[in-house]
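Below is one structure, written out as structure tokens; the observations come after it.
A short reminder: the numbers here are calculations on the coordinates, not readings from a lab. The structure presented is a predicted model; accordingly, all values stated were derived computationally and were not measured. All Cβ positions, glycine included, derive from the backbone under ideal geometry; neighbour counts span all protein chains shown.
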Amino acid sequence: MDHAIAIKLTENQYNVLKEMARREYRTMGNLLTMLAVHGLAFYLTDHEITVKKSEADRDPNGNDYQYYTDQQLEAVFETAPLRQ
């Protein structure tokens with residue numbers, strides 16, 4: 001299942017991102033996905049965060065409080081498809 005996210009940009013921000021995408025032969029959605037993935041990788045390096053595991057990723061024999069490790073979070077976004 002895919003989920004869409006909308007962001008508000010100024011005209012100038014939009015034009016800069018649009019030109020960045022054009023210069024790299026990317027769509028706007030592809031560019032923003034790439035930037036989000038790279039930005040999240042840097043964020044995970046600089047910040048300690050905890051994210052509860054989804055039901056699909058939980059160990060049924062584990063406790064009620066299961067969290068992703070930093071390596072698991074990085075893996076989630078390393079495999080993000082760059083598509084719209």
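Some values worked out for this structure:
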{"read-out": "Over the chain: helical MRE at 222 nm, DSSP H runs n ≥ 4 each giving -39500 (n - 2.57), nearest 500", "value": "-15500 deg cm²/dmol"}
{"read-out": "³J(HN,Hα), Karplus 6.51/-1.76/1.60, whole Hz, each residue of the range 52-64, x for Gly, Pro", "value": "5, 5, 6, 4, 5, 9, 6, 7, x, 8, x, 7, 6"}
{"read-out": "Cα-based shape type of the range 11-78, given that a ≥ b ≥ c are square roots of the gyration tensor eigenvalues and the cut on a/c is 1.5", "value": "prolate"}
{"read-out": "Full-stretch length increase - Glu48, Arg22 - with 0.36 nm per residue and alpha-carbon distance subtracted", "value": "5.9 nm"}
{"read-out": "FRET efficiency, Phe77 to Gln13 (Cβ-Cβ, R0 22 Å, nearest 0.05)", "value": "0.45"}
{"read-out": "Sequence-distant residues sharing a close amide H with Lys53 (under 5 Å, placed H)", "value": "Gln66, Tyr67, Tyr68"}
{"read-out": "Listed residues Gln72, Ala4, Thr50: farthest to the positive end of the dipole of the chain (Cβ charges)", "value": "Ala4"}
{"read-out": "Relative contact order, percent, the range 11-78 [alpha-carbon distance under 8 Å, six or more residues apart]", "value": "27 percent"}
{"read-out": "Local electrostatic count at Leu44 - Lys and Arg +1, Asp and Glu -1, tallied over other residues with Cβ under 10 Å", "value": "-4"}
{"read-out": "Stretch gain in nm, segment Asn30-Thr69, where the contour uses 0.36 nm per residue and the Cα spacing is subtracted", "value": "11.4 nm"}
